[in-house]
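Data block below; observations after.
Values quoted throughout were computed directly from the atomic coordinates according to the rules given, and no laboratory measurement underlies them. Because the structure is predicted, anything quoted here is derived from the model rather than measured. Cβ: placed from backbone, ideal geometry, glycine included. Neighbour counts: every protein chain shown.
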Amino acid sequence: MVVIMKKKASEEDIEAVITNLNAFGFDVHRSSGINQTVLGAIGVRPGFNHRIIRGLSGVADVQRVTEPYKLASRVGRETSSVVGVGNLEIGGSAITVMAGLRSIERETRVSEAATRIAASGASLFRGSTLKPRTSFYEFQGVEQEGFRMMRRAADESALKLVMEVSSMAQVEPVSEHADVLLVQAHNMQNFELLRGLGQSKKPILLERGLAATVQEWLMAAEHIMRSGNENVILCERGIRTFESATRYTLDLSAVSVAKIKSHLPIFVDPCQGTGMRDYVISLACAAVAAGADGIAIDVHHDPPSASSNGLQALNFDQFAELIVQVRKVADAVGRRLQP
């Protein structure tokens, strides 16, 4: 159940509603926007009459939430959520570009990448210091020494840093360096990790699993939010289908579906979603047209020589062209590209 407070509801009104909901046995999660407060009442209470709450001072409306994801649901939300990353806001009218190296190799390349993508228009810098791979014999990343490289490069170019966590043991050390914690597709249903990230104060970028439905994806977000962290950003990065022309099938319909069902901001990763750089620019533009709040792009100074996923990475000139094209689409649909 969602309780929508009036825009001029006092703090006393809000606290009184929370007290009443607690008395009926509901757990209450408060979400305060610029103009309005929304209270999410979690729990099942047979026979409960929601009109009792509707009649309290300061209450504008009470709505039942039928979806299994209560906090991630759009029910009761007049506007989409905006997630703050320092002075950067993800969501709203702005479109955010995240770019970086799929794998960290040498510090000079990390620094070069950060400088070049910042100059082109990116706001977030992504890099994987750890590369859990299906094959034991493929490049596995550079582990701990990569943290320092990434943080220094991000700071030098005034970028916010996105880094992956794949286990609870990594949350604390990665959080010391990163501004956003990334949960990749293979960990979307690692519920111990998701609940642990609910205790984190860092924004969480949650990729969709390779065979996950939109509902399962939003349920994964619910685990994080229900555990205390509502700063969740979704990321569509392709699902496995029978199609063999691309590595995965980039499901842009999921952007529209997620936007209707949830208030959370959403990114699209056309590089991982196709595995082929030839399709990246056109699909990045399509993602913006579909309503995405951001795009995630792999770059590399020399993609053919990359230690990981070189086929899907753009070189710096191609990335600059992508920014030009994405900005045109953003302007056409009434949005703007950050910064």
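Condition check ((1) buried (at least 21 other Cβ atoms within 10 Å of the Cβ); (2) closer than 18 Å to S123 by Cα; (3) of a type in the set (K, R)) across all residues:
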position: I233; (1), (2), (3): yes, yes, no
position: K259; (1), (2), (3): no, no, yes
position: M276; (1), (2), (3): no, no, no
position: Y279; (1), (2), (3): no, no, no
position: D293; (1), (2), (3): yes, yes, no
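Cβ-Cβ distances below 6 Å connect the following pairs, each with a first residue in region 8-25 that is part of a loop (DSSP other than H, G, I, E, B), a second residue that is buried (at least 17 other Cβ atoms within 10 Å of the Cβ), and a separation of six or more residues or different chains: A9/G58. Going by the structure shown, is V28 among the hydrophobic types (A, V, I, L, M, F, W, C) and crowded, with 21+ Cβ neighbours inside 10 Å? When the stated conditions are applied, V28 does not pass them. Checked against (1) touching a strand residue (DSSP E or B) at 6+ places or on another chain (Cβ under 9 Å); (2) in contact (Cβ under 8 Å) with a residue 12 or more places away in the chain; (3) not basic (K, R), E243 passes all but a single condition, namely (2). Being under 11 Å from V214 (Cβ atoms) and either of a type outside the set (A, V, I, L, M) or touching a Phe, Trp or Tyr at 6+ places or on another chain (Cβ under 6 Å) (or both) is the filter here, so list the residues in region 242-283 that pass it. Matches in region 242-283: D251, S253, S256, K259, K261, S262. Only a single criterion out of (1) within 24 Å of S80 (Cα to Cα); (2) under 19 Å from the mean Cα position of the chain (by Cα) is not satisfied by A332, namely (2). Of all the listed residues (A185, A245), the sole one being small (G, A, S) and within 28 Å of G40 (Cβ to Cβ) is A185.
Every listed requirement among (1) surrounded by 21 or more Cβ atoms within 10 Å (Cβ to Cβ); (2) over 17 Å from R208 (Cα atoms) is met by I297 save one, (2).
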